[in-house]
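The values are calculated or read from the model by the stated rules, or taken from the named source; none is laboratory data. Since the model is a prediction, treat every value here as computed from it, not as a measurement. Glycine also receives a Cβ, built like all others from the backbone with ideal geometry; neighbour counts cover every protein chain displayed. Heads up: the accessible areas ignore ligands, DNA and RNA and are worked out on the full protein's heavy atoms, side chains in. Shrake-Rupley method; radii C 1.70, N 1.55, O 1.52, S 1.80 Å.
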Amino acid sequence: LVFPSLIEVEHMISKKLQLKRKAEYLKNDLMRQFDSQVNDFMDSLIEESATLEPAPLPAVFSPPLSDKERNKLRHFRPPHGQGKHFVSRRSLLDELFEVNHIRTIYHMFIALLILFILSTLVVDFIDEGRLVLDFDLLVFAFGQIPLVVCTWLCMFLSVLVVPFALFHLWSQTQSENHSHPRLCSVLFVSIYLLYQFFALGFLPTYIVVTNSLPPASRFIVIMEQVRLMMKAHSFIRENVPRVLTWAKDKTGPSPVLPQVSQYLYFLFAPTLIYRDKYPRNPVIRWGYVATKLLQVLGSLFYAYYVFVRLCIPQFRSISLQLMDVRATVLCIFNSILPGVLVLFLAFFAFLHCWLNAFAEMLRFADRMFYKDWWNSTSFANYYRTWNVVVHDWLYYYMYRDFLWMSEKRFKPAAMLFVFTVSAVVHEYILAVCFGFFYPVLFCLFMCFGMMFNFILHDQRKGPIWNIIMWTSLFLGHGVIICLYSQEWYAQQYCPIKEPSFLDLLKPQSWSCQRGPAVD
């Protein structure tokens, strides 16, 4: 008998282990792909079925339901079978982080943060001769917090009281006993629009500008201003049709109007689409909430070190002369890395961590705040999947309402209208928060964004289109970081004491010569 040698036995065992590992890897990869495809299919099926009225089944298959059971089934259905359908589902990154390979990428970003901190400490130790660990930039950016809190509290209380009270008073005027329902509707709509534009629109902006709030504090107030305006519009838009439908026929019982508790929950819920009820989780995982809030705090410090190590040294030492092509091109390409890091941090900190933390505290079960936008091969798909929360509001209250008013005849005009509204609001936020008007984002949004939306459409498939999309994103964020940073420092170096209206519209970086440096 010939027995195999020890080396041959070890070789055979090694080959079996390799085959086993390959089989496990293929199994996990196939399961992930299958799960992803099933989730996409079910999401699209739910969204499509939400717009359709289900056909009744025969009585043999469909036993009669009680009124309580029927109302329970309608809890999460949009009114009249239209609109967004909320279901219980997890956020995509929570599922992906269960895969070791994806979690390793997260660990790589943590390692990069550690290197940023170490490099800052080492440079400060060499320059100062001691370990300097201060956060002057954060202290400056988040200054005047008491005023920010007071402004937010006033905005929130006004949104809690005014739209809710106006809607309930208006609904009472639509009954049979009232003699002039149309005149009352015009009156209440006028009061509501005046409230939106002046009380909620003008006053917070006036407070921010006149008190010279620093940038991060301005972002808090203005972002909350926009969010609350969108919330108020959604509440009115979703509830007015049910009253008008009843007032038209007046055959059935009067509609059940929202309660204060339902409206209050909606104001805090991580969605911009109002429903009387949402799918809810049974318990709150406070450990999960603490983890997400700590990740938000970590992302904030991450952004701080990105600006301290990659942005401020470059733009503080740059020669602020008349802009030329060479300096601008170098600036754009040097700004790509911080721009990409800021993009990832904003997505992870807000769309994943912040919204999931609030959703968990409110037991809000629908966690689809974004989709797999990083796999997009078209900008049309990227716009739909990057920020699902805002996209839903724009789609249902801007795009579909525009098509409804135009009787579905002007789809390109509806898309242009949505792009214009989004670009104007984004530029308004940046202009107020930075304290100057420099419509870089507006031009990128309206010119390149619209162009890429039609060129890189949904029929574009394959890896090359994903590479083109990422290249465009990287370059676009480099342009934004470069030009806005140049303008920020130009505003510091070359302040205008008594600017005219044209001076406010003209960027200072186009004509500023270097003066004494101001941090």
Mean Cβ-within-10 Å packing, highest first, puts peptides 149-156, 102-109 in the order 149-156, 102-109
Express in Å², to the nearest 10, the accessible area of LEU157 obtained by rolling a 1.4 Å probe over the protein heavy atoms while all chains stay in place.
90
When the accessible area of region 155-278 is split by element with a 1.4 Å probe, what percent falls to carbon and sulfur?
70
Using a 1.4 angstrom probe, figure out how much accessible area region 155-278 has per residue, in square angstrom, rounded to the nearest whole.
49
Kindly sort LYS371, LYS411, LYS461 by accessible area of their heavy atoms, largest first, with the probe set to 1.4 Å.
LYS461, LYS411, LYS371
Accessible-area ranking of GLU487, GLU238, GLU407, largest first, probe 1.4 Å:
GLU407, GLU238, GLU487
Using a simple spin-label model with points 7 Å from Cα along the Cα→Cβ vector, what separation in nm is obtained for ARG227 and LEU121?
3.4
So what does GLU224 come to for accessible area, using a 1.4 Å probe and Å² rounded to 10?
40
Cα-based convex hull volume of region 155-278 per residue, rounded to whole Å³
96
If one puts a single equal scatterer on every Cα of region 269-379 and applies the Debye formula without solvent, what log₁₀ I(q)/I(0) results at q = 0.14, 0.15, 0.17 Å⁻¹?
-0.74, -0.80, -0.91
For region 144-206, max minus min Cα coordinate along each principal axis, in Å, sorted largest first?
52, 17, 7
Which order do PHE97, PHE369, PHE437, PHE125 take when ranked by solvent-accessible area (1.4 Å probe, heavy atoms of all protein chains), largest first?
PHE125, PHE437, PHE97, PHE369
Please report the accessible area of SER190 (heavy atoms, 1.4 Å probe, ligands and nucleic acids excluded) in Å², nearest 10.
50
